[in-house]
Amino acid sequence: MSNKMKIFCKNVGEYIPFTGGESLSEIFNRLSNRINITPICARVNNKTEDMQYPVFSPKQVEFLDRNSASGQRVYIRSLCMMLYKAVADCCPKGTRLRIEHSIARGYYCRLIGENIIVDLNLIDTLRAKMDELVKRNIPFERKERLTSDVIKIFEEQGLYDKVQLLKTTHDLYTIYYRLDGICDSYYGNLAPSTGMLATFDLEPYKDGFLLLGPDPQNENRPIRPIQQEKMYEAFTDYLAFNRIIGVSNVGELNEAVTHRHSAMLINVAEALHDKKIGRISDRILERYKDGGARIVLIAGPSSSGKTTFTKRLSIQLMTNLLIPQSISLDDYFINRVDTPLDENGEYDFESLYALDLEQFNKDLNALINGEEVELPYYNFETGQREYRGNKIKLGENSVLLIEGIHGLNPELTAAIEPKMKYAIYVSALTTLSIDDHNWVPTTDNRLLRRIIRDHKYRGVSAADTIKRWPSVRRGEEKWIFPYQENADSMFNSSLLFELGVIKEYGEEVLKSVPHDTPEYGEAYRLRAFLNYFTPIGDDLIPSTSLLREFLGGSSFHY
């Protein structure tokens, strides 16, 4: 073995000699007695690679197991290809597998084809086939060939959605994977072999089934699904809309843009938002007339567009002859020194208990009863709550709009009579697929929005936004997502065309992430994701569009 080349292995904190052309798997095998994990992928110069990656020059390498963020994505993608193999082996030729979106803690799958009935027998058959593939420990073989050759492979397998995508991205070479005779492509790397994927399950769900990965609380058992009926309806509503206008995946979107249909897509998608907001306003009016809905609570995760939604809802409420007034939850923060701490000993401003719940409920009840209330003001410089004479009173036909992440948590407004509240959940429930086996993660859509907004308006670098994102996500998992189904209405803030518009904004900002930082890998992954999209100019996007909250050019004041 030549000592002229070495990698720096972060797992052991040492330089390790290697022979040019060795794969990461081969290098790890020589270190396995020193690293107490089973790697599913690795971070090479801060970029995620699969274990087949050949090393020809000095690198920094960190081996990752399936519990890491990158490892979790690799695990689920690999399960998807194993499921595709099972469908190809067990279902009639020509059966189409569609993995549409994440829901109920799993991934919703449908089978399309003649004489296909998704019942318990078929699901049991697919699960048994996947178990067999795990036991056989078959490698996922990484391949890279001319895109024209890969198109022919996919045409032979009937993967026409992938063919359409590849024809619109215009890359010279394409990476794909082969598993026991079938080929597929994925948004990212796959595991070394099927033997690493023993923890999974398939569960009947609606017209299809859920693909379930490992439970984060116990990695040796599959996660169990939860009920998300309202979330399912919100997704289904938009999927039907996508099918009607003929744009369900990125290939179809790119084709529409190429044929100069961008204006139509923008106008129709924006009109759909208007219609949905108008319907929510009508429901609020109905409940108001019945003696309720004096308080409208608007909640949702980061970068869902809650602020613009609230402003557009206010306009719709006024057309219904209701007078919207607003208060900010931020002004009810307790004094900073009294703020609860998180697991790292830092102030946890996303905790429900960072708010003065008693005073908040007292003020709301007073407003509902027609009293005048002096609202507090939270001084973020001093960390103290102040009173500056800002008084409000709900008059005839007034409704109070409250935007904040805790809006759906019953404890926030525990002292308020239920009929007096109308709760709305806002999130970017992205229904556009990359192709049949690759969905667009909702979290990626929101992260890109936040990266652009933070850079443009808050002076925060893309690297800093990416660094903070895991903490934001943990807060969402704890304080927002458990209460989604409490909503009276759900609003899907995603726009069918938005990732084409975001593409050039996002690529430019993401390029600024330094290569020598841990955040580079995530920036690289997002840039690779945006590469799928044909760019769309923002000149046709109206000034009231929700997307303007992130890109600029809005007619609303923020």
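Give the number of residues within segment 129-164 that are under 28 Å from the mean Cα position of the chain (by Cα), crowded, with 20+ Cβ neighbours inside 10 Å and closer than 23 Å to Glu49 by Cα.
Qualifying residue count for the region: 2.
Please specify each residue of segment 9-39 satisfying the condition of being outside any helix (DSSP H, G or I), polar (S, T, N, Q) and over 29 Å from Leu526 (Cβ atoms).
Thr19, Ser32, Asn33, Asn36
Restricting segment 116-128 to residues that are among the β-branched types (Val, Ile, Thr) and either assigned to a helix (DSSP H, G or I) or more than 29 Å from the chain's Cα centre (by Cα) (or both), which is surrounded by the most Cβ atoms within 10 Å (Cβ to Cβ)?
Of everything passing the filter in segment 116-128, Ile123 is surrounded by the most Cβ atoms within 10 Å (Cβ to Cβ).
Examine segment 354-372 for a residue that is in contact with a Ser or Thr (Cβ under 7 Å, 6 or more places away or on another chain) and either on the phi > 0 side of the Ramachandran plot or without any contact (Cβ under 8 Å) to a residue 40 or more places away in the chain (or both), and state whether such a residue exists.
yes
Out of Gly113, Gly106, which single residue is small (Gly, Ala, Ser) and farther than 26 Å from Gln228 by Cβ?
Going through Gly113, Gly106 in turn, just one is small (Gly, Ala, Ser) and farther than 26 Å from Gln228 by Cβ: Gly113.
So Arg243 passes all but one of these: (1) surrounded by fewer than 13 Cβ atoms within 10 Å (Cβ to Cβ); (2) more than 24 Å from the chain's Cα centre (by Cα); (3) assigned to a helix (DSSP H, G or I). Which condition number does it fail?
(2) is the only condition that Arg243 fails.
Would you tally the residues in segment 162-193 being in contact (Cβ under 8 Å) with a residue 60 or more places away in the chain, part of a strand (DSSP E or B) and more than 20 Å from Pro39 (Cα to Cα)?
2
Looking at the structure I just gave you, is Ala299 without any contact (Cβ under 8 Å) to a residue 24 or more places away in the chain and surrounded by 15 or more Cβ atoms within 10 Å (Cβ to Cβ)?
no
Which residue, of Thr517, Thr465, Thr534, is in contact with a helix residue (DSSP H, G or I) (Cβ under 9 Å, 6 or more places away or on another chain) and free of Cβ contacts under 8 Å to residues at least 40 places away in the same chain?
Thr465
With Ser545, Ser512 as the choices, which residue is crowded, with 19+ Cβ neighbours inside 10 Å and at pLDDT 95 or above?
Exactly one residue qualifies, and that residue is Ser545.
In segment 427-484, what count of residues is obtained for those that are of a type in the set (Phe, Trp, Tyr) and touching a strand residue (DSSP E or B) at 6+ places or on another chain (Cβ under 8 Å)?
Qualifying residue count, segment 427-484: 2.
Which residues, counting only those in segment 297-342, are under 22 Å from Pro418 (Cα atoms) and touching a helix residue (DSSP H, G or I) at 6+ places or on another chain (Cβ under 6 Å)?
Ile298, Gly300, Leu313, Leu317, Pro324, Tyr332
Quick one: in segment 371-388, of everything that is out of contact with any Asp or Glu (no Cβ under 7 Å at 6 or more places or on another chain) and more than 11 Å from Asn335 (Cα to Cα), which residue is surrounded by the fewest Cβ atoms within 10 Å (Cβ to Cβ)?
The residue in question is Glu381.
Which of the strands (runs of 3 or more DSSP E) contained wholly in segment 40-113 include at least 2 residues that are under 27 Å from Gln484 (Cα atoms)?
Strands (runs of 3 or more DSSP E) meeting the threshold: 96-103, 106-112.
Give me a count of the residues in segment 311-350 that are more than 30 Å from Gly395 (Cβ to Cβ), surrounded by fewer than 17 Cβ atoms within 10 Å (Cβ to Cβ) and in contact (Cβ under 8 Å) with a residue 24 or more places away in the chain.
Number of matching residues: 3.
Please work out if Lys230 is within 27 Å of Asp454 (Cβ to Cβ) and among the basic types (Lys, Arg).
Here the answer is no, as Lys230 does not meet what is asked.
Taking interchain pairs and intrachain pairs at least six residues apart, which have beta carbon atoms under 8 angstrom, with the first residue in segment 433-454 and within 12 Å of Ser304 (Cβ to Cβ) and the second among the charged types (D, E, K, R) and at pLDDT below 95?
Thr443/Arg473
Among the residues of segment 523-546, are any closer than 14 Å to Ile452 by Cβ, of a type in the set (Gly, Ala, Ser) and out of contact with any Asp or Glu (no Cβ under 8 Å at 6 or more places or on another chain)?
Yes, that holds for at least one residue.
Just to be sure I understand, how many residues within segment 512-558 are farther than 30 Å from Cys41 by Cα and in a helix (DSSP H, G or I)?
4
Any residue that is without any contact (Cβ under 8 Å) to a residue 12 or more places away in the chain, of a type outside the set (A, V, I, L, M, F, W, C) and in a helix (DSSP H, G or I) - is there at least one of those in segment 280-293?
yes
The values are calculated or read from the model by the stated rules, or taken from the named source; none is laboratory data. Since this is a predicted model, take the numbers as computed values, not measurements. Glycine also receives a Cβ, built like all others from the backbone with ideal geometry; neighbour counts cover every protein chain displayed.
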